[in-house]
Amino acid sequence: MAIVTKQSTEGGNNIPPTPPSLPGPATNCRPKGLFMMNNGLVTKGNSCVSTATRDMWDNLFDGGFRADVTVRTDNGGIIYAHAAVLGMASPVLRGMLKPAKGFDRKRSISVSGIQHDAVRVFIRFLYSSCYEEEEMKELDLPLLLLSHAYVVPQLKRTCEQQLEDGLLTLENVVDVFQLSLLCDAPRLALISHRMILRNFKAISVTEGWNAMKKSHPALEKEIVESMIYEENVRKEKLRESNERKIYLLLYGAMEALVHICRDGCRTIGPCDKDFKENQKPCTYAACKGIELLVRHFAGCKLRVPGGCIHCKRMWQLLELHARLCADSSLCRVPLCGNFKEKMKKQGKKDEIKWKMLVKKILSTKRIGGALVSLTSTDES
């Protein structure tokens, strides 16, 4: 094909014409609040489909030009639509729209149990994949049911997303949970179920909960059982967390005891250690408490186990150290070797109890951080 050129004023070279500018984005002249679907995602503003095209589809629905289907709703409501559009948008509607007998006869579909406005918004969505934001807030649940029943996955995902993004409330969460189970929406079911468990006291007095108790008592029982299970799991985790804290404190006490007997701290320690006034602060969190306990133990006249609660605690710490100590022959903690000998003569029941405690302390410390030796040896 020949290229049309223009002659320069000087009669010189042929200059190709300047190409026209690229078309800009489609102008969005839709009413405020109108949302569109783009590849299954909710968008607001421009899309790959021009505004004129979307307006044409909306006008086709609103005007009912050559409509060949009547959609009948409750209370005598009628919506006019086109079989070709409905059949392409929904495989279920395609199966329902059998060819009518006779020339130019309209086919009819009945949608019962759903309010007329929701059915109209649903049919309109099948034409242009658009919806009004305010309509979605008001009709999200019936639209979710319609999109599932007539297999319109784009609208179904939109309804689920709208609920997850803010439409799910304490008042409607029970209805949403039941509907999500009915409409095979597992993510929405999980989110609503968690919301019920977190706010069970407030939700259990709502109208939705009372209605579910009457219509689906088995489901209400399952939710209560799951709430009890979750509460037991929470209590168990709290108990294990408190136990871990206790085991870590006991291990810290063992480290502080070895530190005092080997290095000395503040004003207490082995007789061969000299304390300096400018000594660095102690890094053992339990050191101060252990130091006070050792001082009490050294001066208490009721030192026998059971005679003084503080001395009893000190005896238990010394025995626990002996069970954690790797080598009592090098240890400078008092009575470490004595307790090692005592363990050989201890009853089976007490031995099992102590071994269980040592095992839990060591396993908790391994989870929390690296283990260090609890043998109190000289640094020489």
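The values are calculated or read from the model by the stated rules, or taken from the named source; none is laboratory data. Computed from a prediction, not measured in an experiment: that's the story for all the values here. Cβ: placed from backbone, ideal geometry, glycine included. Neighbour counts: every protein chain shown.
Only a single item in (1) at pLDDT 80 or above; (2) over 16 Å from HIS321 (Cα atoms) is not met by VAL258, and it is number (2). Cβ-Cβ distances below 7 Å connect the following pairs, each with a first residue in region 116-143 that is within 21 Å of VAL176 (Cα to Cα), a second residue that is aromatic (Phe, Trp, Tyr) and in a helix (DSSP H, G or I), and a separation of six or more residues or different chains: TYR131/PHE125; LEU143/PHE122.
Against the condition within 21 Å of the chain's Cα centre (by Cα) and at pLDDT below 95, how does LYS213 come out, does it pass? Show your work before the answer.
Working: within 21 Å of the chain's Cα centre (by Cα): no; at pLDDT below 95: yes.
No, not satisfied.
Quick check on my filter: what residues within region 47-92 are part of a helix (DSSP H, G or I) and among the hydrophobic types (A, V, I, L, M, F, W, C)? Scanning region 47-92 gives ALA52, MET56, TRP57, LEU60, PHE61, ALA83, ALA84, VAL85, LEU86, MET88, ALA89, VAL92. Can SER108 be described as at pLDDT 85 or above, surrounded by fewer than 15 Cβ atoms within 10 Å (Cβ to Cβ) and either touching a helix residue (DSSP H, G or I) at 6+ places or on another chain (Cβ under 8 Å) or part of a loop (DSSP other than H, G, I, E, B) (or both)? So SER108 fails the test. Among the residues of region 150-166, are any of a type in the set (A, V, I, L, M), touching a Phe, Trp or Tyr at 6+ places or on another chain (Cβ under 7 Å) and within 23 Å of VAL119 (Cα to Cα)? Yes, region 150-166 has at least one match. Does GLY95 satisfy the condition of being assigned to a helix (DSSP H, G or I), out of contact with any helix residue (DSSP H, G or I) (no Cβ under 7 Å at 6 or more places or on another chain) and under 27 Å from HIS216 (Cα atoms)? For GLY95, the condition - assigned to a helix (DSSP H, G or I), out of contact with any helix residue (DSSP H, G or I) (no Cβ under 7 Å at 6 or more places or on another chain) and under 27 Å from HIS216 (Cα atoms) - is not met.
Residues are listed down the side, and each one gets a yes or a no for (1) touching a Phe, Trp or Tyr at 6+ places or on another chain (Cβ under 8 Å); (2) of a type in the set (A, V, I, L, M); (3) without any contact (Cβ under 8 Å) to a residue 24 or more places away in the chain:
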{"residue": "LYS201", "(1), (2), (3)": "no, no, yes"}
{"residue": "GLU225", "(1), (2), (3)": "no, no, yes"}
{"residue": "ILE228", "(1), (2), (3)": "no, yes, yes"}
{"residue": "GLY269", "(1), (2), (3)": "yes, no, yes"}
{"residue": "LYS280", "(1), (2), (3)": "no, no, yes"}
{"residue": "ALA286", "(1), (2), (3)": "no, yes, no"}
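Search region 129-148 for residues being of a type in the set (Asp, Glu) and in a helix (DSSP H, G or I), and hand back the single one that is surrounded by the fewest Cβ atoms within 10 Å (Cβ to Cβ). Filtering first and then ranking leaves GLU134.
Report every pair of residues separated by at least 6 positions or lying on different chains whose Cβ atoms are under 7 Å apart, first residue within region 54-65 and touching a residue at least 60 places away in the same chain (Cβ under 8 Å), second aromatic (Phe, Trp, Tyr). Matching pairs, first to second residue: TRP57/TYR127; ASP58/TYR127; LEU60/TYR127; PHE61/TYR127. Let me confirm something: among GLU225, GLU231, which residue is loosely packed, with under 11 Cβ neighbours inside 10 Å and closer than 30 Å to GLN162 by Cα? Checking each option against the conditions leaves just GLU225. Checking ILE79, ILE123 one by one, the residue that is more than 22 Å from LEU163 (Cβ to Cβ), buried (at least 16 other Cβ atoms within 10 Å of the Cβ) and assigned by the TED database to the domain that holds VAL151 is ILE79 and no other. Taking the numbered list (1) surrounded by 12 or more Cβ atoms within 10 Å (Cβ to Cβ); (2) farther than 27 Å from GLU243 by Cβ; (3) out of contact with any strand residue (DSSP E or B) (no Cβ under 9 Å at 6 or more places or on another chain) in turn, ARG295 passes all entries but (3). Scan region 182-222 for residues that are surrounded by 12 or more Cβ atoms within 10 Å (Cβ to Cβ) and under 15 Å from CYS159 (Cβ atoms) and the total you get is 7. For LEU146, the conditions (1) modelled with pLDDT of 90 or more; (2) of a type outside the set (S, T, N, Q); (3) in contact with a Gly (Cβ under 7 Å, 6 or more places away or on another chain) are fulfilled apart from (3). Could you please let me know if MET343 is modelled with pLDDT of 90 or more, part of a helix (DSSP H, G or I) and either not charged (D, E, K, R) or not assigned by the TED database to the domain that holds LEU293 (or both)? No.
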